[in-house]
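The values are calculated or read from the model by the stated rules, or taken from the named source; none is laboratory data. Here the structure is a predicted model, which is why all the values come from computation and not from measurement. Glycine gets a Cβ as well: all are built from the backbone with ideal geometry, and neighbour counts include every protein chain shown.
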Amino acid sequence: MSRRAALLLFCIIILSIAVQASLIPVFIRPSFKPDLLLVIMVFIALRGSFESGAPLAWILGLLDDVFSGLFLGLNAAAFLISFLIIKSISDRLYAESSFLFVLTVVGVTFVNFALNLFLMALFTTSPGIVYSMFSDLLPRLLVNAFIAALVTACPGFDEQAASV
């Protein structure tokens with residue numbers, strides 16, 4: 001990864017954390033809050049290398065855990081597992097496709113939900129956790145798909161983005 005690409009990625013991550021942790025919760029209900037770090041992780045998984053992407057996926061998951069208030073490591077494990085699954089099949093697909101990017105974001109959102117549900121049900125004793133998580137699934141899928149579609153509309157998405 002070049003220095004310019006690393007600096008751009010760092011700025012995008014910092015901006016996403018600031019928007020996701022401070023700006024969005026003020027104006028948007030929690031069930032409609034997009035997961036911007038998940039969208040960044042999917043982009044890195046489809047376009048980046050394994051050597052730089054796996055640690056970045058883990059770090060993005062940890063940052064998501066730190067700023068969301070969940071158990072530390074819950075999203076980190078889910079992001080890393082999702083990254084490994086995407087990376088294992090992305091070499092066989094046309095990874096620059098906009099449709100594939102949106103579809104992958106929806107799939108990873110669902111996998112992240114399933115892993116979080118499994119781990120939360122395994123480690124907590126709260127009986128209402130399953131219902132509260134299922135009530136947020138459909139809005140979260142739709143909002144993340146919308147954000148992914150907006151990302152594909154950005155100029156330069158169809159190009160190989162500085163080999164992240």
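I'm trying to understand the selection: among the residues of segment 1-17, which are surrounded by 13 or more Cβ atoms within 10 Å (Cβ to Cβ) and closer than 25 Å to Asn144 by Cα?
Answer for segment 1-17, where residues must be surrounded by 13 or more Cβ atoms within 10 Å (Cβ to Cβ) and closer than 25 Å to Asn144 by Cα: Ala5, Ala6, Leu8, Leu9, Ile12, Ile13, Ser16, Ile17.
Show me the helices (runs of 4 or more DSSP H) found entirely inside segment 33-151 where at least 1 residues are among the hydroxyl-bearing types (Ser, Thr, Tyr).
On the way: elements: 36-47, 50-68, 74-90, 98-123, 129-135.
Of the helices (runs of 4 or more DSSP H) lying wholly inside segment 33-151, those with at least 1 residues that are among the hydroxyl-bearing types (Ser, Thr, Tyr) span 50-68, 74-90, 98-123, 129-135.
Table: residues versus (1) touching a Gly at 6+ places or on another chain (Cβ under 6 Å); (2) within 15 Å of Val108 (Cα to Cα); (3) without any contact (Cβ under 8 Å) to a residue 60 or more places away in the chain.
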{"residue": "Leu9", "(1), (2), (3)": "no, no, no"}
{"residue": "Ile14", "(1), (2), (3)": "no, no, yes"}
{"residue": "Leu23", "(1), (2), (3)": "no, no, yes"}
{"residue": "Trp58", "(1), (2), (3)": "no, yes, yes"}
{"residue": "Val66", "(1), (2), (3)": "no, no, yes"}
{"residue": "Phe71", "(1), (2), (3)": "no, no, yes"}
{"residue": "Ala76", "(1), (2), (3)": "yes, yes, yes"}
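Of the residues that sit in segment 140-156 and are on the phi < 0 side of the Ramachandran plot and surrounded by fewer than 15 Cβ atoms within 10 Å (Cβ to Cβ), which one is modelled with the lowest pLDDT?
Keep residues of segment 140-156 that are on the phi < 0 side of the Ramachandran plot, which gives 140-155.
Still in the running and surrounded by fewer than 15 Cβ atoms within 10 Å (Cβ to Cβ): 142, 146, 149-150, 153-155.
Working: Leu142: 95, Phe146: 96, Ala149: 94, Leu150: 93, Ala153: 89, Cys154: 84, Pro155: 79.
Looking at residues that are on the phi < 0 side of the Ramachandran plot and surrounded by fewer than 15 Cβ atoms within 10 Å (Cβ to Cβ), I get Pro155.
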